[in-house]
Amino acid sequence: MHRPLLYLDVDGPLNPYAAKPEHRPDGYTTHRMKPAGWVAQHPGVPAERVRPLRVWLNPGHGPALLGLADRYELVWATTWRQEANTYIAPVLGLPALPVVDWPTPIGNGPDGTFWKTHHLVAHAAGRPFVWLDDELDDRDREFVAARHDGPALLHRVDPRLGLRAPDFEAVAEFARAL
């Protein structure tokens with residue numbers, strides 16, 4: 001039997017981008033990155049002139065996520081796509097992880113849901129999953145409950161704080177309850 005999936009978003013859960021710009025959250029380190037996806041958001045600007053993206057990452061998140069890898073299959077569910085393996089995974093000490101391949105253009109979600117929701121239901125194909133993201137609400141939970149055959153936990157992470165101990169405990173508790 002397959003382990004449940006643990007879908008990981010980068011911006012919000014791992015990179016608390018909404019924290020006050022002048023106050024990096026405790027435990028986080030600052031990284032300057034220039035992934036192709038970021039450069040593409042600056043059409044007409046030569047790549048060498050695009051300012052790097054500021055990313056805050058907590059090095060403790062890597063070991064905490066690896067501690068869940070015996071119970072979950074970790075999967076990137078982020079607009080960083082494969083670049084999460086290039087830029088984020090090495091900083092956190094994670095191996096290359098599978099990546100959900102989003103359609104291009106991204107588009108809108110059905111029934112007022114977040115655009116990722118229906119894609120993750122299709123990707124999970126009935127497998128139990130946890131999804132850590134900062135853009136989840138009750139419409140997404142209702143959509144998943146109505147269209148996904150297995151257990152699922154859609155866990156919203158505050159993008160001002162990033163993942164914290166209670167978030168990791170919720171993920172561990174879901175696995176224990178299966």
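Numbers for the structure displayed
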item	result
FRET efficiency, residue 18 to residue 86 (Cβ-Cβ, R0 30 Å, nearest 0.05)	0.80
Cα centroid of the stretch 64-93 to Cα centroid of the stretch 146-178, whole Å	16
Bridge type composition, the chain - antiparallel percent by DSSP, nearest 5	25
Near-label residues of the stretch 124-157 by backbone N, under 13 Å of a point 7 Å along Cα→Cβ of residue 2	124-130, 149-151
P(r) tail fraction, the chain - alpha-carbon pairs more than 27 Å apart, %	25
Pairwise label distance in nanometres, residue 32 with residue 149, each label 7 Å out on the Cα-Cβ vector	5.1
J(HN,Hα) series, the stretch 134-149, from Karplus relation 6.51 cos²θ - 1.76 cosθ + 1.60, nearest Hz, glycine and proline x	9, 10, 9, 8, 5, 4, 5, 5, 5, 4, 5, 4, 7, 10, 10, 7
Per residue convex hull volume, Cα atoms of the stretch 69-146, in Å³	102
Accessible solvent surface per residue of the stretch 1-46, calculated while the other protein chains remain in place, 1.4 angstrom probe, Å²	58
Amide H within-cut-off set for residue 53, under 5 Å, with H built and near neighbours excluded	33, 34
FRET efficiency, 1/(1 + (r/R0)^6) with R0 30 Å, evaluated for residue 115 and residue 71 via beta carbons	0.60
Value of relative contact order over the chain, rounded to a whole percent, pairs C-alpha under 8 Å and six or more apart	31
Environment charge at residue 32 (Cβ cut-off 12 Å; Lys +1, Arg +1, Asp -1, Glu -1)	+3
For the stretch 135-178, average projected area of the Cα convex hull in nm²	3.4
Computed label-point distance, nm, for sites residue 96 and residue 142 using a 7 Å Cα→Cβ extension	4.1
Amide hydrogen neighbours beyond the local backbone of residue 74, cut-off 5 Å, H modeled	6
Sulfur and carbon atoms: percent of accessible area, the chain [1.4 Å]	53
Tensor-based shape of the stretch 1-67 (alpha-carbon gyration tensor, a/c under 1.5 rounded, otherwise prolate or oblate)	oblate
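The values are calculated or read from the model by the stated rules, or taken from the named source; none is laboratory data. Note that the coordinates shown come from a computational prediction; the quantities given were computed from them, not determined experimentally. Here Cβ is always computed from backbone atoms with ideal geometry, including for glycine, and neighbour counts include all displayed protein chains. Just the protein is used for accessible areas: all its heavy atoms, side chains included, with ligands, DNA and RNA removed. Shrake-Rupley method; radii C 1.70, N 1.55, O 1.52, S 1.80 Å.
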